[in-house]
1. Just order 51-59, 136-144 by mean Cβ neighbour count inside 10 Å, highest at the front, would you?
2. Starting from the amide H of GLY71, placed 1.01 Å from N in the peptide plane, find each other amide H under 5 Å away whose residue is 5 or more places distant or on another chain.
Amino acid sequence: MRNYIHKKRDAYLWIIEKILFLEKKLGPKDERTSQRNLYNKFTQKVLEQTYVLVKANPHATIGLCDAVFDGDHLKLIERLEHRPQDQLTYLRTLLKEKHEDIKSTVNNITNMNMDVDAGNRSIKYLKKHLKLACKLEPNTVFSIVETACKQNCLQIEAFIKICKDNK
């Protein structure tokens, strides 16, 4: 079992290394079509397999997104749109791993102290998580809303509306 876990972790590292290698080989101003196509095809294949990556290891998938997709978790979340349970798993893991970052961005956006885009992304994560939980795991909804209240999220009216709309 331990060897299997190491192989899965190695697969994520291999993907990260290959994408970074292709980026380095391409260079910032490289317009060589064959190199650009190879890079685009490889990253597209990785994105197409997001659900497989999430099922195997959602924590490593978050690390992969941070490393090669500049932390654009919405890109991966959108790829999981037709797989709501995998989407919920990814969001739950993301919210746990990035708890402090999300909490500070949500709190700071209300105080106008930070990047509004980052705050809006965090609120999107929270809202999407709640919507999926209402549909797939209704017994977890109260704790999700309670956590949002503890984080001083001023979106509580929106959260209540999500709960009402997704009974």
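1. Working: 51-59: 17.6, 136-144: 13.6.
Answer by packing, highest mean first, reads 51-59, 136-144.
2. Long-range HN contacts for GLY71: ASP66.
Since every read-out is calculated from the coordinates, none of them should be taken as a lab result. Owing to the predicted nature of the structure, the values given are computational and were not obtained by experimental measurement. Counting neighbours? That spans all protein chains shown, and the Cβs are built from the backbone with ideal geometry, glycine included.
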